[in-house]
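Colleague: Got a structure here, written out as structure tokens. Questions coming.
Coordinate-derived values only; no laboratory data. All values reported here derive from a predicted model rather than from experimental measurement.
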């Protein structure tokens, strides 16, 4: 039992003998009464993920590399198909480059688990995407002569 304001870190090692349902380890948690909140008992799970026998870090590196490759190759194919670029193409290429950089930064901030910065970059991506839809979708008539 902990005194009010006191905390304690509890940790233990899990191994394959703790696994149930092939890939799940359940952990029971008991929360004692706190002021008006009654005691509660609950469970949370640890999911054992394995992709082609890779570790978590290797899986993350693979997904990260595939994401970068997909973004860069998509951009290269788009430029190849539209070269030389007109005013509309140049504007789209600039915005896409900004999105590529911000998306890469968001991916990089997940490595040290800087979730606040990751959420900031994700929100920025959504704002820029909204600008793209507004500029090129809703107000596309100003680019109709450039198509």
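Colleague: Which length gain, in nm to one decimal place, applies between residue 131 and residue 21 when the Cα-Cα distance is subtracted from 0.36 nm times their residue separation?
Modeller: 35.0 nm
Colleague: Under the √(5λ) rule applied to the eigenvalues of the Cα gyration tensor, what semi-axes describe the equivalent ellipsoid of the range 56-143? Give them in Å, descending.
Modeller: 28, 18, 8
Colleague: So what is the 222 nm mean residue ellipticity for the chain from helices alone, if each DSSP H run of at least 4 adds -39500 (n - 2.57) and you divide by all residues, rounding to the nearest 500 deg cm²/dmol?
Modeller: When only DSSP H runs of four or more count, the value is -16000 deg cm²/dmol.
Colleague: Over the chain, what relative contact order in percent results from Cα pairs under 8 Å that are six or more residues apart?
Modeller: Answer for the chain is 12 percent.
Colleague: Among 15, 122, 91, which one shows the biggest mean-square fluctuation in a GNM of the chain, springs joining Cα atoms closer than 10 Å?
Modeller: Residue with maximal mean-square fluctuation among 15, 122, 91: 15.
Colleague: Say we join alpha carbon atoms closer than 10 Å with springs in a Gaussian network model of the chain; which of 21, 120, 129 then has the biggest fluctuation?
Modeller: Comparing 21, 120, 129 in a Gaussian network model of the chain, the most mobile one is 21.
Colleague: Before anything else, pin down the relative contact order of the range 56-143: Cα pairs under 8 Å, at least 6 apart, normalised by residue count, whole percent.
Modeller: 22 percent
Colleague: Report the extension gain between residue 9 and residue 37 in nm, rounded to one decimal, defined as 0.36 nm multiplied by the number of residues separating them, less their alpha carbon distance. Can you show the working numbers first?
Modeller: Details: separation 28, 0.36 × 28 = 10.08 nm, distance 2.18 nm.
Gain in length upon complete extension: 7.9 nm.
Colleague: What does the extension gain come out to for residue 101 and residue 115, with contour length at 0.36 nm per residue minus their alpha carbon separation?
Modeller: Taking residue 101 through residue 115 to full extension adds about 3.3 nm, to one decimal.
Colleague: Using alpha-carbon positions, what is the distance between the centroids of the range 62-115 and the range 39-56, in Å?
Modeller: Here the two parts' Cα centres lie 32 Å apart.
Colleague: Go through (1) 0.99; (2) 1.64; (3) 1.16 and flag the label whose value is the computed Cα Rg over 2.2 N^0.38 Å for this structure.
Modeller: Computed from the coordinates, Cα Rg over 2.2 N^0.38 Å corresponds to (2).
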